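Comments concern the structure below.
Readers should treat all values here as calculations from the given coordinates under stated rules, not as data from a laboratory. What you see is a predicted model, and the numbers here were worked out from it, not measured in a lab. Cβ sites come from the backbone with ideal geometry, for glycine too, and all protein chains shown count toward neighbours.
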Amino acid sequence: MTLIYFTDTAPESLRQTAETFGLAAAPQVPASGSYLLADSDGISLCKAGEKGRVRVDFTGGAAQYRRTKGGGELIAKAVNHTAEPTVWDATGGLGRDSFVLASLGLTVHTFEQNPAAACLLSDGLNRALQCGDTAETAARISLHFGDACVIMPALAAQNSRPDVVYLDPMYPERQKSAAVKKEMAYFHDLIGAAQYEAELLATARAVAKKRIVVKRPRLGEFLNGEKPAYQYSGKSTRFDVYLPENA
């Protein structure tokens, strides 16, 4: 279990956030492994013995650049955003693609089953809701904690099937930026490499009304070895589009 250490500057609201995801408080900074750190800036992912940290921040950095300068053109085409679909992001992670989709004006439901990752994402969304530039976008995102393969069919049974299910299973990061490499290394250590690709894709095809969009490296293998109906390719990334099982 990932522990969370609260500094003296951490507001009480962060304790409540951590409790929501069942995270245990550490009496001191852990001496080994990954852990979460709560302070006045929010909740960060840290690694014992290293100075770096990962924090979900939708108000600045890369998220701000993508929001103000663009960068979501390819994913917008893949989900057919002009039709204003409801998108379920079954592999929420740090929420970056969910935020891009929400910035396009779409309604996004994001699923994350790792408690620490869900906690990081929840904290980032809470801070985004308090910022005038990002509040409207963050309000379009609903975070669901748990296994998407269990939660999505249950939600779909309530007559709330999504137009699109979006999948971005973990794969080795090939970015050249040292900062990006370090950030993703931290996240890989937290999440691990295990992905239930067959179950994810099958569940997505069972609940989506219009399409399933899968993010892959441009030269990466097909998810679960299944060939998509069509693709949208960029310089380093492509989006494979599958049709629902009853299409």
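Taking R0 as 45 Å, what's the FRET efficiency between Gln130 and Lys227 from their Cβ-Cβ distance, rounded to 0.05? Show your work: numbers first, answer last.
Details: r = 44 Å, r/R0 = 0.98.
Efficiency, from the Cβ-Cβ distance: 0.55.
Be a star and scan segment 207-247 for residues whose amide nitrogen sits under 15 Å from the point 7 Å along the Cα-to-Cβ vector of Ala157. Of the residues in segment 207-247, 207 have backbone N under 15 Å from the label point off Ala157. Principal axis extents of the C-alpha atoms in the chain (largest first, rounded to whole Å): 54, 36, 36.
Treat the count of other C-beta atoms within 10 Å as a stand-in for reagent exposure and order His81, His188 from fewest to most.
Ascending number of Cβ neighbours within 10 Å: His188, His81.
Which shape class, rounded, prolate or oblate, goes with segment 67-158 when its Cα gyration tensor gives a ≥ b ≥ c as root eigenvalues, a/c under 1.5 marks rounded, and past that a/b bigger than b/c marks prolate? Oblate. Helix 115-129 versus the longest principal axis of the chain: what is the Cα-based angle in degrees, 0 to 90, to the nearest 10? The angle comes out near 90 degrees. Taking the number of Cβ atoms within 10 Å of each Cβ as an exposure proxy, the fewest-first ranking of Arg218, Arg127 is Arg218, Arg127.
Taking the average, over residues, of other Cβ atoms within 10 Å as the packing measure, peptides 20-27, 116-123, 50-57 rank 116-123, 50-57, 20-27 from highest down. Each DSSP beta bridge with both residues in segment 3-55 is either parallel or antiparallel, and the antiparallel ones are about 60%.
By counting other Cβ atoms within 10 Å of each Cβ, how are Leu243, Leu45, Leu3 ranked from fewest to most? Provide the component values of the computation, followed by the final result.
Values: Leu243 14, Leu45 25, Leu3 19.
Going from sparsest to densest Cβ surroundings: Leu243, Leu3, Leu45.
Taking every alpha-carbon pair under 8 Å whose residues sit at least 6 apart, the chain reaches a relative contact order of 17 percent.
Over 24 Å between C-alpha atoms is what I'm after, so list which of Lys77/Lys215; Lys77/Lys227; Lys215/Lys235; Lys210/Lys235; Lys77/Lys235; Lys47/Lys235 land there. Write down the numbers at each step before the final one.
Values: Lys77/Lys215 13 Å; Lys77/Lys227 19 Å; Lys215/Lys235 13 Å; Lys210/Lys235 26 Å; Lys77/Lys235 15 Å; Lys47/Lys235 32 Å.
Among Lys77/Lys215; Lys77/Lys227; Lys215/Lys235; Lys210/Lys235; Lys77/Lys235; Lys47/Lys235, the Cα-Cα distance tops 24 Å for Lys210/Lys235; Lys47/Lys235.
Rounded if a/c is under 1.5, else prolate if a/b is larger than b/c, else oblate: which is segment 4-66, with a ≥ b ≥ c the root eigenvalues of its Cα gyration tensor? Provide the component values of the computation, followed by the final result.
Working: a/c = 2.06, a/b = 1.32, b/c = 1.56.
Verdict is oblate for segment 4-66.
Beta bridges assigned by DSSP with both partners in the chain are antiparallel in approximately 45 percent of cases.
Taking Cα pairs under 8 Å and at least six residues apart, what relative contact order does segment 3-55 come out at, in percent? Walk me through the intermediate numbers first.
Details: 87 pairs, mean separation 19.7, N = 53.
After rounding, I find 37 percent.
As a check on your grasp of the helix formula, calculate [θ] at 222 nm for the chain: sum -39500 (n - 2.57) over DSSP H runs of n ≥ 4, divide by the residue count, round to the nearest 500.
About -10000 deg cm²/dmol.
Relative protection proxy for 134-143, 102-111, 8-17, from highest mean packing down: 102-111, 134-143, 8-17 (other beta-carbon atoms within 10 angstrom).
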